[in-house]
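Here's the structure, in structure tokens; my notes come after.
The values are calculated or read from the model by the stated rules, or taken from the named source; none is laboratory data. Not measured: the values here are computed from a predicted model. Backbone-built Cβ (ideal geometry, glycine too); neighbour counts: all protein chains shown. SASA here: full protein model, heavy atoms, side chains in, ligands and nucleic acids out. Shrake-Rupley method; radii C 1.70, N 1.55, O 1.52, S 1.80 Å.
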Amino acid sequence: MSQTPGFVTCPLGHTFPEEQLSVRDSQNVCPVCDRTTWAEPRARRPWSRHLLTYPLIVVIAAAVMLLVETISGIAIGTTYDSQHVGGAAWLTAGSAVSVVGIGLLITGVVLVTRAVRSRSWTRSLLSAPLIFMAVGAAVLAIGDLVELGLNISFLNASSPAAVWQLVAGIFDALFFAGLSVALSWVGLLAKRPDPTTTDVTV
């Protein structure tokens, strides 16, 4: 606090007679600031399953982007085929299979969204949608495996970076296969009832 003869000014600019200055916990206290009402802390929104709807909508949007990419794969495969590029049919077929997988994946996410918003909530409601998503991911893995036909054709034709394209395709298929296993695993776990006190071993 700054000080002038007979008056004291606090850091916020309140000037008051020196005799009104009080000390609390070894700190000078301004009488004006001392009467100021403290701001109410912002209350956080309480937890609710319904809040999961918004992240799930983001997942659906991401899946739609993947769908657009896959449809572009069909267009690329059709263009390659018209140019008589070897293995183009594999790209078209694999992308078509992947479109089905993405459709199943989006359907599963929509079902999860409905489940978390259900009034009669039970954890087992997630089981079927998660299995649905697992099937979609498995179909995506199959689609990526089919598309490897194009990469193998490029490899046989000694195209530049053909090996890297083949490796990328294999890891894409492994990713969706792993995702399918994880989703189906969680879906099966969701069916299990909660343990009771009699199930707990000491």
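Observations, loosely collected:
- With Cα atoms, 0 to 90° folded angle of helix 88-116 axis to the chain main axis: 40
- Rounded tilt (10° steps) of 53-82 against the dominant C-alpha axis of the chain: 30
- Between Val186, Val146, Val29, the residue with the greatest mean-square fluctuation in the GNM of the chain (Cα pairs under 10 Å linked by springs) is Val29.
- Packing here is the average count of other Cβ atoms within 10 Å per residue, and on that basis the peptides 66-72, 98-104, highest first, run 98-104, 66-72.
- Against the set [x] 17.5; [y] 22.4; [z] 18.1, the structure's computed Kirkwood radius over Cα pairs in Å falls on [y].
- Rounded to 0.05, the FRET efficiency of the Leu51 and Ala168 pair, given R0 = 41 Å and the Cβ-Cβ distance, is 0.70.
- Accessible surface computed residue by residue for the stretch 35-97, with neighbouring protein chains in place and a 1.4 Å probe, gives 79 Å² per residue.
- Cα convex hull volume per residue for the stretch 47-128 (Å³): 75
- With the helix formula -39500 (n - 2.57) applied to DSSP H stretches of n ≥ 4, the chain reaches a computed 222 nm mean residue ellipticity of -21500 deg cm²/dmol.
- Crossing angle, helix 162-190 versus the chain [Cα axis fit, 0-90 degrees, rounded to tens]: 60
- Top of Ala75, Ala115, Ala134 by mean-square fluctuation, Gaussian network on the chain, Cα under 10 Å: Ala75
- Estimated at the nearest 10 Å², the accessible area of Phe171 is 130 Å² with a 1.4 Å probe.
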